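What follows is one structure encoded as structure tokens, with my remarks underneath.
The values are calculated or read from the model by the stated rules, or taken from the named source; none is laboratory data. Only a predicted model underlies this, so the values are computations on that prediction, with no experimental measurement involved. In this analysis, Cβ positions are derived from the backbone assuming ideal geometry, glycine residues included, and neighbour counts consider all displayed protein chains. With ligands, DNA and RNA removed, areas are computed over all heavy atoms of the protein, side chains included. Shrake-Rupley method; radii C 1.70, N 1.55, O 1.52, S 1.80 Å.
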Amino acid sequence: MHYSELVKILSSDDVRNLFMYSSFKYSFSIFTDMLKEVKSRVNLIVFGESLQRKLKKSYENYVKAHPEDRKLFDDVKIFKVGKNNEIPFGELYSSVIMTSPSEIGVSLLNFLEGMDNEHVFVFGATTLMELFEDDGYDMIVQMFDYVRNSSFHVFVPVEIENYDKSVFLKKYFDHIIKLRNSGGKVLLEVKNNVFSTFPDYVSFELSLIDGKFKEV
């Protein structure tokens, strides 16, 4: 199996992936590769200004190196939770202030309502966990239960493993993907949590060149 084949599997319909990254640029690179696979059925949920800023900087640097890929980001529908409605790219669908879990939850479910056979990318989920603790976890689980036949791709720092409920949260995902430094290279590890022909565990050594992963 090659990295390109893995991206196709992770980008398939009705799948739930948890990406755990040691560096944000690793998450953005695989996010970009997946955009090429899922094309126009893309929705992005961003929690917090810090993640919005990182996405914006990563996007600007990436399209500077690869202007031919700019159109990949144009039609992304974005749900923003934060202090303002600034977004890194794409189209703003809705925004809500980071207030109470109930208010965010209602707005979030309104955004997800009626989705079918689409892809939802989530950045900043740990912000919910840090601010709202149990309610933050519950909100993420509700997203899964609320939408049928759509795929979820949740990106979090690898430090989530230090959270008390990380073991509980991982049970909701089909694949656990780790992206971390390894002797100057990027080690991508995938653990399969579902019964399928996909191996229980695979790993790849990658290098990151101009925002794109290359197999070593």
Margin query: Looking only at segment 17-27, how many residues end up being closer than 24 Å to VAL141 by Cα and open to solvent by 10 Å² or more (accessible area, probe 1.4 Å)?
Written below: 3
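For LEU92, indicate whether it is assigned to a strand (DSSP E or B), farther than 24 Å from LYS171 by Cα, more than 14 Å from the chain's Cα centre (by Cα) and modelled with pLDDT of 90 or more.
Details: assigned to a strand (DSSP E or B): yes; farther than 24 Å from LYS171 by Cα: yes; more than 14 Å from the chain's Cα centre (by Cα): yes; modelled with pLDDT of 90 or more: yes.
Judged against the criteria, LEU92 is a match.
Given the criteria among the β-branched types (Val, Ile, Thr), part of a helix (DSSP H, G or I) and buried (at least 21 other Cβ atoms within 10 Å of the Cβ), does ILE30 qualify?
Values: among the β-branched types (Val, Ile, Thr): yes; part of a helix (DSSP H, G or I): yes; buried (at least 21 other Cβ atoms within 10 Å of the Cβ): yes.
Criteria met by ILE30.
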Check: For segment 154-171, does any single residue satisfy the condition of being within 18 Å of the chain's Cα centre (by Cα), open to solvent by 70 Å² or more (accessible area, probe 1.4 Å) and on the phi > 0 side of the Ramachandran plot?
Finding: no
Notebook entry, point to check: Quick one: in segment 114-153, which of the residues that are charged (D, E, K, R) and either assigned to a strand (DSSP E or B) or modelled with pLDDT under 85 (or both) is most open to solvent (accessible area, probe 1.4 Å)?
Noted result: ARG148
Next item on the list: Could you please tell me which pairs satisfy a Cβ distance under 9 Å, a separation of 6+ or placement on different chains, a first residue in segment 106-117 that is within 18 Å of ASP135 (Cβ to Cβ) and of a type in the set (Ser, Thr, Tyr), and a second residue that is open to solvent by less than 30 Å² (accessible area, probe 1.4 Å) and not in a helix (DSSP H, G or I)?
Entry: SER107/PHE79; SER107/VAL81; SER107/VAL96
